[in-house]
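Here's the structure, in structure tokens; my notes come after.
Throughout, read-outs are computed from the coordinates displayed, never taken from laboratory work. Source: prediction; values computed, not measured. Positions of Cβ are generated from backbone atoms using ideal geometry, with glycine treated the same way; all protein chains shown enter the neighbour counts.
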């Protein structure tokens, strides 16, 4: 973005509270205090989600890798995941040697459904990864019932799900384990970072061992691992920033929801454009307001993004349909709803301090692009 009045895609909301914690961690958070903010951050976030065990990590991708490894996912196993998600949702399973089966999405919520997942089950299915795409609630209650019947693990990829709820449950509280992201684009940030949450004390313990180079608690000083592990750990400095964000969590979620609400009010009369939606019993986290132009509009996501860029607005294309990528050319899974969504949707700017005037400008640009194409048709 080179225009002085450009509207950025996203940026975090950082106050003196977070800055003070980071300065304190940089000044005093060493030696015996090097885990102080990590423990506080893990505890505060676990309390928010309502799950007893939390392990902070360097990213949600690392958290997902650790959790899958702790479950023993590996060669010969299949993992079901949505066809629309960031590659990070499936890469850890691929690294561990598993095969990905892609399930189609609900065309309204943009998330996988129990029906779409059940159609992909085989006797090799080991886990299902449910993604709360762009803060939209995935039906993890229905998926949990399905997975329990089938004896497979349900994993919640709640990287984008802070503030999201399903049947009164907070996103990340219903799977065998869940993962969250605190990347700089997310509702809560620690710069980079993630967290694994679970109700399973044994799984949490196994993840902590794997995340400490395979060393069991109490063996850190003698450098003797019990297995080959990983190091996807978060630093105390990152956790200090994250803790400040969690202490402002209600405020940050309210602001995200308000931005989506303003978009919805202003685009209400624009035909054939759909924004984030969910079932009546669920709640939108509103991490990333997204506009999908339905088929009658005749507008592609790439066309919209170009028009936004010309107006100095940093809108983004949505994730591609993973099954269409050369990386997965051997898959037999065809997901028409996911492929259609990928072709005709864009993410709208939604940073916390976005002004009403900026939201109006985004909406005017979108309306001009859509109505212009429809007139030409």
Quiz item: Can you sort 234, 195 so the residue with the fewest Cβ neighbours within 10 Å comes first?
Solution: 234, 195
Exercise. With just the Cα atoms of segment 26-97, tell me how far they stretch along each of the three principal axes, in Å, largest first.
Key: 46, 26, 22
Quiz item: In percent, what relative contact order does the chain have, based on Cα pairs under 8 Å that are 6 or more apart in sequence?
Solution: 22
Quiz item: In a GNM of the chain with a 10 Å cut-off on Cα contacts, which of 115, 247, 310 has the highest mean-square fluctuation?
Solution: 310
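Rg to Rh for segment 154-260: what is it, with Cα atoms only and Rh by Kirkwood? Write down the numbers at each step before the final one.
Working: Rg = 15.9 Å, Rh = 15.3 Å.
Reported Rg/Rh (Cα atoms, Kirkwood Rh): 1.04.
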Quiz prompt | Separation of alpha-carbon centers, segment 207-280 and segment 47-105, rounded to whole Å | solution = 14
Quiz item: For helix 356-376, what angle does its Cα long axis make with the longest principal axis of the chain, in degrees from 0 to 90 and rounded to 10?
Solution: 50
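If we count other beta carbons within 10 Å of each Cβ, what is the order of 143, 284, fewest first?
Details: 143 27, 284 23.
Lowest to highest Cβ neighbour count: 284, 143.
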Quiz item: Taking the chain as a Gaussian network, Cα atoms linked when under 10 Å apart, which of 178, 59, 116 shows the biggest mean-square fluctuation?
Solution: 116
Exercise. Could you tell me how many degrees, from 0 to 90 and to the nearest 10, lie between the Cα long axis of helix 36-49 and the main elongation axis, the longest principal axis, of the Cα atoms of the chain?
Key: 50
Exercise. Could you give log10 I(q)/I(0) at q = 0.11, 0.15 Å⁻¹ for segment 249-376, computed by the Debye formula over C-alpha point scatterers of equal weight, without solvent?
Key: -0.42, -0.75
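Take peptides 179-186, 105-112 and line them up by average Cβ neighbours within 10 Å, highest first, as a rough protection proxy. Show your work: numbers first, answer last.
Working: 179-186: 24.9, 105-112: 22.8.
Ranking the peptides 179-186, 105-112 by packing returns 179-186, 105-112.
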Self-check item: Cα-based helix-to-principal-axis angle, 249-267 vs the chain, degrees rounded to 10
Solution: 20
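With a cut-off of 8 Å between alpha carbons and a minimum separation of six or more residues, what is the relative contact order of segment 276-377 in percent?
36
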Exercise. Per residue, how big is the convex hull around the C-alpha atoms of segment 286-334? Give it to me in cubic angstrom, could you?
Key: 131
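Would you mind computing Rg(Cα) / (2.2 N^0.38 Å) for segment 224-288, counting N as its residues?
1.81
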Quiz item: Is segment 1-130 best put as rounded, prolate or oblate by its Cα gyration tensor, with a ≥ b ≥ c the root eigenvalues, rounded for a/c under 1.5, and otherwise prolate when a/b is larger than b/c, oblate when not?
Solution: oblate
Exercise. Could you give log10 I(q)/I(0) at q = 0.11, 0.12, 0.15 Å⁻¹ for the chain, computed by the Debye formula over C-alpha point scatterers of equal weight, without solvent?
Key: -0.77, -0.92, -1.34
Quiz item: Where is the GNM fluctuation largest for the chain (alpha-carbon springs, 10 angstrom cutoff): 135, 67, 151?
Solution: 151
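Give the order of 231, 256 when sorted by the count of other beta carbons within 10 angstrom, beginning with the fewest.
Numbers: 231 12, 256 24.
Ascending number of Cβ neighbours within 10 Å: 231, 256.
Grab the DSSP H runs of the chain that are 4 residues or longer, score each as -39,500 (n - 2.57), total them, divide by all residues and round the 222 nm result to the nearest 500 deg cm²/dmol.
Numbers: 12 runs with 140 residues, N = 377.
That calculation yields -11500 deg cm²/dmol at 222 nm.
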